[in-house]
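The structure appears below as structure tokens.
Laboratory data are not the source of any read-out in this text; all were calculated from the coordinates shown. Source: prediction; values computed, not measured. Cβ sites come from the backbone with ideal geometry, for glycine too, and all protein chains shown count toward neighbours.
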Amino acid sequence: MQVISTNVAVRRPDPSGRHEFSGIDKQPQSFIDVAAPGPHYGDGSGVRGDIIGDTQHHGGNDKAIYAYAREELDYWQSELSRPLASGCFGENLTTQGVDLSALLINQRLRIGTAVLEVSVPRQPCSTFAGWLGERGWLKRWTARGDCGTYLRIISPGRIQPGDSITMDTPPNHDITMRIAFAAKMGNRTLAQRVIEAGCLPAHQHNDLRS
């Protein structure tokens, strides 16, 4: 299990037109330095030099870093018949050899000199759809069920390609990122399981109850 690419945003016009700019286009760098940005979405990215356009829904401690698996990029590369470079789904960390959808919520990971924690699922948005430019993209991506994972930063540090990913003691529940994503996207049975586990931030549980 390792990181194969560390990626930082290049400022682009928001492809959805809803915001002035977007940081969804992330380009590989030789390393990233990470530190907890603050408790609110508008507090920015946890990656130094990164860019966030939609500060209402992105950034802050619970969405400090976004990770996506190279294996998933390869799957979509085949499905869409087009090359997909590491970073092109907006991820800061492109991983290899770890099933991110199977990670438990609040599982701590040691990567490079940083300690990170699996936090909340990604919700696909109009910027993501506009960036990919594929008809029915949000529905197709959601049906696949693997949303990658947002990570919060427990201890700051530096991460670079080739760094191994090791797991600390797992949390005492069975809610995986795949389950949390399905709950977020409308599965009421799984939403109740997530609420009962109490593993997400309070506002996420409130959303699941609504």
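Data for the structure
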{"item": "Contour excess over end-to-end distance, with Cα ends at Phe31 and Thr169 and 0.36 nm allotted per residue", "result": "47.0 nm"}
{"item": "Charge dipole (the range 2-169, unit charges on Cβ, about Cα centre) - positive-most of Pro39, Trp131, Leu104", "result": "Trp131"}
{"item": "Projected-area average for the range 2-169 over all orientations - Cα convex hull basis, square nanometres", "result": "8.7 nm²"}
{"item": "Computed [θ] at 222 nm, helices only, for the chain once each DSSP H run of length n ≥ 4 contributes -39500 (n - 2.57)", "result": "-7000 deg cm²/dmol"}
{"item": "Net charge contributed by nearby residues that have their C-beta within less than 11 Å of Glu20 (K/R +1, D/E -1)", "result": "+1"}
{"item": "Extended-chain gain in nm, criterion 0.36 nm per residue less alpha-carbon gap, Asp74 and Thr189", "result": "38.3 nm"}
{"item": "Dipole magnitude of the chain, debye to nearest 20 (Cβ charges: Lys/Arg +1, Asp/Glu -1, about Cα centre)", "result": "320 debye"}
{"item": "Loop-exposed GluC sites (Glu not before Pro) per DSSP, neighbour cap 15 Cβ within 10 angstrom, longest uninterrupted part of the chain", "result": "21-133"}
{"item": "Relative contact order of the chain, pairs being alpha-carbon contacts under 8 Å that are 6 or more residues apart, as %", "result": "24 percent"}
{"item": "Sequence-separation-based contact order of the range 116-175, relative, with Cα cut under 8 Å and 6+ spacing, percent", "result": "46 percent"}
